[in-house]
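J.: Would you mind keeping the following structure in view while I ask a few things?
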Amino acid sequence: MTVARFNHWLSFVAAASIAVIAGPARADDVTRDLPPPMQLRDLDYGDVLFHFFQDDHFEAIVRLEVSRDFGRIPHHEAEAELLSGGLYLSLGLYGEAEKIFNRLLAGPVPQSVSDRAFFYLARSGYQRGFVDDAWRNLERIQGPLPGNLEPERRLLASNVLIAQGQYGEAVVQLTGWTDQEGWSDYARFNLGVALIRSGQTELGREFLGKVGGMPAATEEQLALRDRANLALGFASLQQQDAEGAVAALNRVRLDGPSTNRALLGLGWAESDAGRPERALGPWLALRDSKVLDSAVQESFLAVPYAYTQLAANGQAAQQYQLAVQAYAAEGKRIDESIAAIRQGGFLDSILEAVPRTNDVGWFWQLQKVPDAPHTRYLYQLLASHEFQEGLKNYRNLRIMQRNLDRWRDSLEAFDGMNSARAQAMIDHEARKQALLARTDIPAFEQRQAELVARALALESGRDDAALATGLRETADALAEARLRLGLLQGGGGTAPPDAAGFGQRIEGLAARIDEITPRIDATAAAQERVLADIAVNELEVQKRRLADYATQAQFALAALQDDAAGGDTQ
């Protein structure tokens, strides 16, 4: 059972390493705690913030870039630059974000702005594995950060120190830290795991014990407490403290994400305590779960091991045979998963399980994994930071594709509107020319002259009755006619050139979309190939592990059969 016991230590290491980078989910967004300006002085910047606080980051960054290009946000240049860097960072464009932050920091900016920029650079560096760069940027922060950014900064600092192996400094960073948002609990858990991994097991168990015994009200707190007790249980097993392991693992919920590993560890703790009959309880319960879980796979070896400890060799042999059959069936299903991934559509099948929205950036995470051949063996991989980042990038590319399709439809509508406008102007011009052709101003002027002469004659003849008509108003009417005719002749002269200009802009934008679309398609396809290769490699590792388990089961079964045969001959 050496290999099986070794694998349960791997389960502990996997559980611990996942939690080292954990934190409250509400702080995943790089710009969520960016405060609005104290006084909004540019309406266009308010428009950008409206979309930003609606979590429509893609629309926010488009509007921000347009407003900056047209010089419409002169009173918020520094904050706009910071927001721009944060938005690019949230989209995973680390290189572009760092250029923006460094450009911002090169000029005179308020300390509150520069501190946030250094923090974003530090967090970006840490998540990309550049821990030394992350620490240098953290040291450049001069004052407390606003909102939840300050406790996150402290957690980030402790994680960077842990990544550098500076466990003593991390302890100092965390000493006496209390907060109302749960950050210190995550920090203590991460530090406890790191201390155990560095060999300082007793101190690490002390940290984990505090988190494992904390009151918990939310699902997030309950899950953290479970992980702490899980890590504490395996650490106690490593220290050969079986009773301590039993106590810690019994505190893990039976309906949480840590349940299977806790049941596996609890069985080993009971076995180490010399109680194989009690080890069978959690192991048999675990074996009834889906075989795709690594803890369940190991339980197929653990159950017959317990029967051998109870001298129930017949039952042990049956259980080993059952294990061989289960491993073979599971290996075939893994082959089906590999084939399904290789056929394509791997990432799209994952994204189909989540609501279709246009939210982009760090705040989005895959919450539900579909039970499909593509994904059923990849739960731990899908939860990893590497895969989540790649999946976000792929999803963002697909969202960009949808935006381009929407813009292409809009351009078609604009083109139709522009064509209709141009045609309307042509029709208007035709009607105008027809009206002008029917309007004879010189004839009206001649008639006016005749009326004036007649009026003068009537006036000299004292014909008051004739002068009572409206003949004196004709001059004003004629002047009004000349004015309107001039306006009619000049009106609409600029409309056709404007329509032509709009048409050229629409054609240019359509050409740009046609150029970008295949590039996005190619990038998305490349991203899918990379993640598919990662997934297949993970499945191959699982398949090899199943083969190792099957070999162990076959050897153990052969040994039992040899013992039985030897007993019969005596």
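The values are calculated or read from the model by the stated rules, or taken from the named source; none is laboratory data. This is a predicted model, so every value here is computed, not measured. Quick reminder, even Gly has a Cβ in these numbers, built from the backbone with ideal geometry, and neighbours come from all protein chains shown. Keep in mind that these areas ignore ligands, DNA and RNA; they rest on the heavy atoms of the full protein, side chains included. Shrake-Rupley method; radii C 1.70, N 1.55, O 1.52, S 1.80 Å.
J.: Counting only protein chains, not ligands or nucleic acids, how are VAL324, VAL48 ordered by accessible area (probe 1.4 Å), most first?
T.: If we order VAL324, VAL48 from most to least accessible, we get VAL324, VAL48.
J.: Then there's this: At each listed q (0.29 Å⁻¹), what is the log10 of I(q)/I(0) that the Debye formula gives for the range 137-194 modelled as equal alpha-carbon point scatterers?
T.: -1.31
J.: Right, next: What ratio of Cα Rg to 2.2 N^0.38 Å holds for the range 99-231?
T.: It is 1.14.
J.: In a Debye calculation with equal point scatterers on the alpha-carbon sites of the range 184-329 and no solvent, what is log10 I(q)/I(0) at q = 0.12 Å⁻¹?
T.: Summing over Cα pairs of the range 184-329 leads to -0.51.
J.: At a Förster radius of 45 Å, what calculated FRET efficiency corresponds to the Cβ-Cβ distance of ALA526 and LEU310, to the nearest 0.05?
T.: 0.25
J.: Follow-up question, since we're still on this one. For VAL66 and MET214 in the same chain, what is the full-extension length gain: residue separation times 0.36 nm, less their Cα-Cα distance, in nm?
T.: Full extension from VAL66 to MET214 adds 48.3 nm.
J.: Which whole-Hz couplings ³J(HN,Hα) result when phi for each residue of the range 323-339 is put into the Karplus expression 6.51 cos²θ - 1.76 cosθ + 1.60, θ = phi - 60°, listed in order with x for Gly and Pro?
T.: Values per residue, Gly and Pro as x: 5, 4, 5, 5, 5, 5, 5, 5, x, 5, 5, 5, 4, 5, 5, 4, 5 Hz.
J.: Going by accessible area, probe 1.4 Å, with all protein chains left in place, what is the ranking of GLU330, GLU243, largest first?
T.: From most exposed to least exposed: GLU243, GLU330.
J.: Let me ask something else. Given that compact globular proteins tend to follow 2.2 N^0.38 Å, what is the ratio of the alpha-carbon Rg of the range 161-223 to that value?
T.: 1.10
J.: How are the Cα pair distances of the range 30-185 distributed, in percent, across 10 Å bins from 0?
T.: So the P(r) values, bin by bin, are 11, 38, 33, 15, 4, 0.
J.: What percentage of the solvent-accessible surface of the range 161-314, computed with a 1.4 Å probe over protein heavy atoms, is contributed by carbon and sulfur atoms?
T.: 47 percent
J.: Also, quick follow-up: Roughly speaking, what is the stretch gain from GLN446 to ARG251, that is 0.36 nm per residue apart minus the C-alpha to C-alpha distance, in nm to one decimal?
T.: Once the chain is fully extended between GLN446 and ARG251, it gains 59.2 nm.
J.: For ASP563 and GLN142, what does the FRET efficiency come to when R0 = 51 Å and r is the distance between their Cβ atoms, rounded to the nearest 0.05?
T.: 0.10
J.: Further question: How would PHE130, PHE234, PHE58 line up by accessible area, probe 1.4 Å, largest first?
T.: In descending accessible area the options line up as PHE130, PHE58, PHE234.
J.: Then there is this: Could you quote the convex hull projected area for the range 83-129, Cα atoms only and averaged over all directions, in nm²?
T.: 2.9 nm²
J.: Give, in nm to one decimal, the length gained when the segment between SER349 and ASP427 is fully stretched (0.36 nm per residue of separation minus the Cα-Cα distance).
T.: Contour length minus Cα-Cα distance gives 22.8 nm.
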